[in-house]
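Accompanying notes for the structure given below.
No value in this document is a laboratory result; all are computed from the given coordinates. Computed from a prediction, not measured in an experiment: that's the story for all the values here. For neighbour counting, all protein chains shown are included, and Cβ atoms are generated from backbone atoms with ideal geometry for every residue, glycine included.
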Amino acid sequence: RAKTEARGSFRFFEPEMDGRLQARRIFEQDLREAVAGKAFEAHYQPIYCLREDRICGFEALLRWNHPVRGRVSPAEFIPLAEELGLIIPLGEWVLARACEEASRWPDGLKVAVNVSAVQFTSASLVSAVREALRSTGLPGRRLELEITESVLVANPGATTAILHSLKALGVRVSMDDFGTGYSSLSYLRSFPFDKIKIDQSFVRDLCETDGTEFIVRAVIGLGANLGMTTTAEGVETEAQLAKLRAEGCDEVQGYLVSRPVPASELPTLIARWNGEERATA
Ligand code: C2E
Ligand code: MG
Ligand code: MG
Ligand code: MG
C-alpha cells in the first residue's frame, strides 16, 4: 500500500513515462528481431573520382525498413545497436553483404563499409574482414573501411594494432566525417589513414560561409601532403563540385552524382557513368 501511495505522487507523469519506456522497449525488441532475422538492406552510393571522371567505388549504407515506422535512419538505430551489443552481428552482416556485392562489380570499383567504434576495437573485426574477403574472393585492395574519430578516442592503443593488421590484408582505412570531432588533426599525425572524408557540413557551407573554402582548401592540401586521398561528402550542387575540382579534391560523393540506391540499380548506374564497364549481375 505504502508503495502505491508513494508512487501516487508521480501519477501525472506516469502515463507518459510508461509510454515512452514501453515504446523504447518495443523498438529495442524490434531491433533485436531485425538483427536476428537479417531484416536489413544495404544501399550503395557512388564515390566519384574527379581526375578519372568515373565512379571509382560505392559506400554501403545500412537501411532498415521497420514494419510500422517505415524507414528508420541509421543515425537512430546504429547507436542503439551499439548500446544493445547488436552492432557486432549487424556490422559483420553488412561487411559480408557488401563484399559479396562488390565481388560482382568490375575490378576497378571499390566498396566502402562503415565500421562503428565498438565494432572496430572488438576482437573479431580483423577475422571478420579476413573471412568476408576469403568467402567472396574480393581482393583486400578493393575494400575500404570508414571509421570516425570516436574510434580513436575510445581506444588509441588497440586501434594502431588493428589498423596495421588491416593494412596487412591490403584493406584501406578512411577517416570519415573529418573535421567534426575535437582532435581530428592530431589523429591524422598518428594513424596511417589512406583517405580523408571531408564532412558534409563543410561542403554545405562551401559556397555560403566565408572562410569555409579556406578550411576545405587546407584539408585537401593536408591530404595531398600526407599521401591521403581526399573525398568530399554531401556534394549537392554544380557550384560545390566546381569549387572542389578547382581546389584539387580527389573524389566527391553526394546527391549530385546519386543518392544511395539498392544493389539492383547498380548495373544501370555503372553503365550510365562508366560506359563500357559492366557489372556481372
Ligand atoms: P556517413 O558514413 O558519413 O554516410 C554519409 C551519409 O550522408 C549517409 O546518410 C548518406 O545517405 C548521406 N548523404 C550522402 N550524400 C548526401 C548529400 O548530398 N546530401 C545529404 N544531405 N546527405 C547525403 P545515412 O545513410 O543516413 O547514414 C548516416 C550515418 O549512419 C552514416 O554517415 C554512418 O555514420 C552511419 N551508418 C550507415 N550505415 C552504416 C553501417 O553499415 N555501419 C555503421 N557502423 N554505420 C553506418
Ligand atoms: Mg561513411
Ligand atoms: Mg561521413
Ligand atoms: Mg556521417
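Tabulated data for the structure shown
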item: Selection within the stretch 150-186 - touching a strand residue (DSSP E or B) at 6+ places or on another chain (Cβ under 7 Å) and part of a helix (DSSP H, G or I); result: Leu163, Leu166, Ser184
item: Selection within the stretch 117-140 - of a type in the set (Lys, Arg) and either surrounded by 16 or more Cβ atoms within 10 Å (Cβ to Cβ) or farther than 12 Å from Leu169 by Cα (or both); result: Arg130
item: Among the candidates Arg217, Arg259, Arg245, residue that is in contact (Cβ under 8 Å) with a residue 24 or more places away in the chain, within 16 Å of ligand 2 (Cβ to nearest atom) and surrounded by fewer than 17 Cβ atoms within 10 Å (Cβ to Cβ); result: Arg259
item: Neighbours by Cβ (under 7 Å, 6+ apart or cross-chain): first from the stretch 199-212, assigned to a loop (DSSP other than H, G, I, E, B); second within 13 Å of ligand 4 (Cβ to nearest atom); result: Asp199/Asp177; Asp199/Phe178; Asp199/Gly179; Asp199/Thr180; Asp199/Glu233
item: Meets criteria (assigned to a helix (DSSP H, G or I), among the hydrophobic types (A, V, I, L, M, F, W, C), under 16 Å from the mean Cα position of the chain (by Cα) and surrounded by fewer than 16 Cβ atoms within 10 Å (Cβ to Cβ)) for Ala75; result: yes
item: Residues satisfying the stated conditions in the stretch 217-276, i.e. in contact with a helix residue (DSSP H, G or I) (Cβ under 8 Å, 6 or more places away or on another chain), under 17 Å from Ile198 (Cα atoms) and small (Gly, Ala, Ser); result: Ala232, Gly234, Gly248, Gly254
